[in-house]
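Notes to accompany the following structure.
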Amino acid sequence: MTKFDYSTKNWWDFAYEASIEALKDASMSMGDIDAIVFTSISSAAGGEHQTHKVSLLSDIFKTNIPIIEIASVCGGGGVALWTALKMKGFKNVMVLAAEKFADNRSEVVTDWILSAAEKVYEQTEGMLFPTQNALIWQMYMEKYGATMDDLSLIAYKNHQNAALNPKAYFYKKPVEIEKIKNSPEVSFPLRLMDCSLSVNGGAAVIISSDKSDIEVVGSGFATDHILTFGRENITHFKATQMAAKIAYEDAGIKPENIDLAEIHDAFTSVELISYEDLGFAEMGKGADLIRSGEINRDGSLPINVSGGLKAKGHPISATGLAQVYEIVHQLRGDCAERQVRKHDIGLTHNIGGAGGSVTVHILKKI
């Protein structure tokens, strides 16, 4: 994983840097890789005009192996990993993501973000992600009685964690809770500090049929209607519930067996709602986890110890693989100051759009 930041390197520079670290970690060379699954949304619209990305990667890596490109907006990393795990006949598969997102004109970035919403109804009304999620959160608060103070605690937790993560944007930059509570409103009632950071970066994972120290024991993927207001339950993401159910059954475990998790906190409200969708709390009781401190770094179920999308940064397609990067290093016990106490089984949760495509992966220390 590269550092997540606002540097002006090209997306392929981030891809190369992440790949080299992954190969070194696996004690492999590119000659050992049989296929690559790649995901990115940024290059075609961002002024680079490079739509044939798989061929460019072939050039960079000096290889003629199959390179598959997958796109699922913010959930691209997780979907790419799910795809790689389903590929038969390949011994070593690299899953790779890279984005140069935050160095583009505001109208370009707005177009990317808006294009993940439904064209006829939501795009024409300017239904950007903050607005969609603000409406969902308004309904959740009315239904269950959660408060904005609960979201402030989530943001504070994630910023405290990111301050200990050298690859996070907010490394060594802790944020006080009063600054979070007093940040400007973006889309009522969500504030600036409830929103994740759109940054640049890359991440890579190598899946091997050889025995390793970490095994992917569960993998779930589900999709849902693109219209948020056309779903069965607007205050929760059915795709998360379905993907989690598949992953738990695949792994032969229950939510209470998870030691730590990286949750897709594109907004602090999404993290709270996901506590329930992933089975960590009863419906409407997610706020209890943050109020009790149970999901803090020193709690019984640490969540987003990396800093999450909120404070580590959210380079769109690379996010899902960066979550895996954090869980793997936590399971290995080499996360220094932010290392959690119990670290045998970890979960990653990656969302595309406002709950439109979701993957859940469960990793176990062998």
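Bear in mind that the values in this text are calculations on the coordinates, not laboratory data. Remember, predicted model here, so these are calculated numbers, not experimental data. Neighbour counts are summed over all protein chains in view; Cβ atoms, including those assigned to glycine, are modelled from backbone coordinates with ideal geometry.
Among the lysines, which have Cα under 22 Å from the Cα of Lys88 when same-chain residues fewer than 8 positions away are ignored?
Once the sequence-local lysines are set aside, what remains near Lys88 is Lys211, Lys364.
What is the set of long-range amide H partners of Val95 at a cut-off below 5 Å, with H atoms built 1.01 Å from backbone N?
Distant-sequence amide H within range of Val95: Val37, Val205, Ile206, Ile207.
Among [x] 18.5; [y] 23.6; [z] 16.5, which one is mean projected area of the Cα convex hull in nm² computed from these coordinates?
Correct label is [z].
Once fully extended, how much extra length lies between Thr8 and Glu185, figured as 0.36 nm per residue of separation less the alpha-carbon to alpha-carbon distance?
Full extension of this stretch gives 60.9 nm more.
How large is the convex hull of the Cα atoms of region 116-249 per residue, expressed in Å³ as a whole number?
Enclosed volume per residue, from the Cα hull, is 173 Å³.
Average the reciprocal distances over every distinct pair of alpha-carbons in region 170-215, invert the result, and give the Kirkwood radius in Å.
In region 170-215 this quantity evaluates to 14.5 Å.
Only counting other Cβ atoms within 10 Å, I'd like Ser58, Ser29, Ser317 sorted with the fewest neighbours first.
Fewest to most other Cβ atoms nearby, the residues stand as Ser29, Ser58, Ser317.
Amide H of Gly201 versus every other amide H placed in the peptide plane: which residues, excluding those fewer than 5 positions away on the same chain, fall under 5 Å?
Glu99, Phe101
Along each of the three principal axes of the Cα atoms of region 228-288, give the extent in whole Å, ordering the values from largest to smallest.
Computed over the Cα atoms, the extents are 34, 23, 20 Å.
What list of ³J(HN,Hα) values in whole Hz, one per residue of region 346-356 in order, does the Karplus curve 6.51 cos²θ - 1.76 cosθ + 1.60 (θ = phi - 60°) give from phi, with Gly and Pro shown as x?
Whole-Hz 3J(HN,Hα) from phi for region 346-356: x, 10, 10, 9, 10, 10, x, x, 8, x, x.
For region 179-273, which trypsin sites (Lys or Arg not before Pro) are in a loop by DSSP, counting at most 14 other Cβ atoms within 10 Å?
Answer by residue number: Lys211.
Of the listed pairs Lys310/Lys342; Lys181/Lys238; Lys157/Lys238; Lys3/Lys173; Lys157/Lys285; Lys9/Lys167, which have alpha-carbon separations greater than 21 Å here?
The answer is Lys310/Lys342; Lys181/Lys238; Lys157/Lys238.
So what's the back-of-envelope 222 nm ellipticity for the chain, counting only DSSP H runs of four-plus at -39500 (n - 2.57) apiece and dividing by all residues, rounded to 500?
-10500 deg cm²/dmol
Considering only DSSP states other than H, G, I, E and B, which GluC sites (Glu not before Pro) in region 163-221 qualify as loop sites with at most 14 other Cβ atoms within 10 Å?
Passing sites in region 163-221 are Glu176.
Can you put Cys74, Cys195 in order, fewest other beta carbons within 10 Å first?
Cys195, Cys74
If you place +1 on the Cβ of every Lys and Arg, -1 on the Cβ of every Asp and Glu, and leave all else neutral, what size is the dipole of the chain about its Cα centre, to the nearest 20 Debye?
Charge dipole, the chain, about its Cα centre: 480 debye, nearest 20.
Under 8 Å for C-alpha pairs, at least 6 residues apart: give me the relative contact order for the chain, rounded to a whole percent.
Relative CO of the chain lands at 26 percent.
First select every other residue whose beta carbon is under 10 angstrom from the beta carbon of Ala204; then total the charges, Lys and Arg +1, Asp and Glu -1.
So the environment of Ala204 carries a net charge of -3.
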